[in-house]
Amino acid sequence: MPLEQKIKYESERDQDFARWITSQTGGENLRHCIQCGVCSATCPLSLYMDYTPRRLINLAREGFKKEVLSSFTIWLCASCYACRVECPKKIQVTDIMYLLKRRAIEEGVYPRRFPIPILAKEFGRMIFTWGRVNETLLVIDLFLRTNWFKFLSMTGLGINLLRTGRMSFLPDTIHRRTELRKILQALETENQKEVAK
Amino acid sequence: MKYLYFPGCSLKGTGKAYEESLLAVFNALGIELREIEDWNCCGATAYMSVDEAKSYALAGRNLAIAEREDLQIVAPCSACYLVLNKTQQGLKDHPELRAKVVKALKAGGLDYKGTVQVRHPLDVLINDVGLDKIAARIKQPLTGHKFAPYYGCQIVRPYATFDDQYNPVTMNKLLAACGAQCVEYPLKTRCCGGSLTGTLPEVGLRLSYIILNEAKKRGAEAVVTVCPLCQFNLDGYQDKMASQYGRVDMPVLYFTQILGLAMGLPASELGIKRGIVSAQAVMAGR
């Protein structure tokens, strides 16, 4: 096992990162955390996480940017909002997970074997093209992009869905796709302006 | 009674049985559901991880189109229900974000005011129609049948708009009105794994299995759900779960299907056959 530095010096912390989180929608209350651990206790996924939600919140506000953004934790959040409802300090943990996921995609630092960021991006692309999401096509696309071998193990489910008439191979589409694209493009321009700033 | 109907992508795909049973039941109760003209995907839980303003704008487009009429929205899919409500709330709480989204919607020729109310069909049935009126329409009560009422996450969290966040009871009441019994089910609002069942099956399957196994242990003959993704996870992956944790064989039905059966509507109109795990036990004697 390679030796790694486990403790950070004050100067190695990224204080701007914590400041950035509190400037984002949903991240405002980050510093109110009292580390009670209710979020970790209510989270049905915490037993699979590298950092429980309580630890992640602490790392985030102390400026451990790299650890936070490359964690499994943020991608394991299934948005069930159990932590948010229970948090005695009204920290919007789910929304903090969302903003961290966005930053991780932006910086390209998410864990490589996780198909979730790829699903999220593909989902967005499908909406931009068609306006609606066809679940069948989305799943096929996801498996072909990530693990086509796993795709073969899905044939049983596929047959069941076909048998019950729940599968469709035609993209579902809206009529005014240009209208939707204009809206999304207007925001894309805004985003680029912000980056330039 | 008249509402605007926001089906969402799932109800047009893997959740067809939800749409079929919802429309059949509402029609039989004399409630008009008019599909929102040219609605688009709400963004669900996935798009919020990509772009915040854009995901608000996606939901915002639907809300802006709906605002042209003075009607409330009925959103049966839990994710759509949450996203549309979250957008209304988020754009109210964050003026800067609102300005950005409103401006983008204008670029598409749409005007967003944030005035429309987004409701869940369970809410409409209990609070607008009323249990008395529903009880009067029950022709073939499901006497002797035991169900596990499963609410899932997103219709009670983070916003508790029409039911208790910790121990929701509206579906229990509805099932009781149908003559059925509900088992005590402490997992009623626990997460089914959401999209993790597809993306990280080793994790997602386990979460879904916990929900089903608990229902079985408590003597339920079916899990009754309000969400197309919960239904898909719990119903579609039982073969996969069987190879890892043991077979449960638990039918997973929508509350609208149960209500429809109790109202005496034909099973063919309620999409009962679309279940991957057969609902034979529930259908016995029908």
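Read-outs: derived from the displayed coordinates by stated rules, not from any lab. Keep in mind that what you see is a predicted model, and the values were worked out from it rather than measured. Cβ placement follows ideal geometry from the backbone for every residue including glycine, while neighbour counts extend to all protein chains displayed.
If you filter segment B:103-117 down to residues that are within 12 Å of chain A (Cβ to nearest Cβ) and touching a residue at least 24 places away in the same chain (Cβ under 8 Å), you find that the one that is surrounded by the fewest Cβ atoms within 10 Å (Cβ to Cβ) is B:G108. Here B:N40 fulfils each of the conditions (1) in contact (Cβ under 8 Å) with a residue 40 or more places away in the chain; (2) within 12 Å of chain A (Cβ to nearest Cβ); (3) of a type in the set (S, T, N, Q) apart from (1). When each of B:G194, B:G271 is tested for being within 13 Å of chain A (Cβ to nearest Cβ), at positive phi and out of contact with any Asp or Glu (no Cβ under 9 Å at 6 or more places or on another chain), the lone residue that passes is B:G194.
Within segment A:84-117, restricting attention to residues that are β-branched (V, I, T) and facing chain B (nearest Cβ under 9 Å), the residue that is farthest from A:F17 (Cα to Cα) is A:V85. Filter segment B:61-107 down to the residues that are out of contact with any helix residue (DSSP H, G or I) (no Cβ under 8 Å at 6 or more places or on another chain) and small (G, A, S), then identify the one that is nearest to A:I127 (Cα to Cα). Ranking the qualifying residues of segment B:61-107, first place goes to B:A66. Screening B:A24, B:A53 for residues that are within 12 Å of chain A (Cβ to nearest Cβ) and either part of a helix (DSSP H, G or I) or within 16 Å of A:L184 (Cβ to Cβ) (or both) leaves exactly one candidate, B:A53. Scanning segment B:92-100 for any residue that is in a helix (DSSP H, G or I), within 11 Å of chain A (Cβ to nearest Cβ) and touching a Pro at 6+ places or on another chain (Cβ under 9 Å) turns up nothing.
Inspect all residues belonging to segment A:50-59 and state whether any of them is under 26 Å from B:V203 (Cβ atoms), part of a helix (DSSP H, G or I), among the acidic types (D, E) and within 17 Å of the chain's Cα centre (by Cα).
Kept after step one, since they are under 26 Å from B:V203 (Cβ atoms), are these residues of segment A:50-59: A:50-59.
If we keep only those that are part of a helix (DSSP H, G or I) too, we end up with A:53-59.
This time we only want the ones that are among the acidic types (D, E), so: none.
Checked against the condition, which is being under 26 Å from B:V203 (Cβ atoms), part of a helix (DSSP H, G or I), among the acidic types (D, E) and within 17 Å of the chain's Cα centre (by Cα), segment A:50-59 yields no hits at all.
As a summary of the residue check, B:R206 satisfies the conditions (1) assigned to a loop (DSSP other than H, G, I, E, B); (2) within 13 Å of chain A (Cβ to nearest Cβ) except for the one numbered (1).
Condition first: in contact (Cβ under 8 Å) with a residue 12 or more places away in the chain and farther than 30 Å from B:Y166 by Cβ. Can you find one or more residues in segment A:89-96 that meet it? Scanning segment A:89-96 turns up no residue that is in contact (Cβ under 8 Å) with a residue 12 or more places away in the chain and farther than 30 Å from B:Y166 by Cβ.
Among the residues making up segment A:1-60, those that are more than 14 Å from chain B (Cβ to nearest Cβ), over 29 Å from B:P95 (Cα atoms) and of a type in the set (V, I, T) are A:I7, A:T52.
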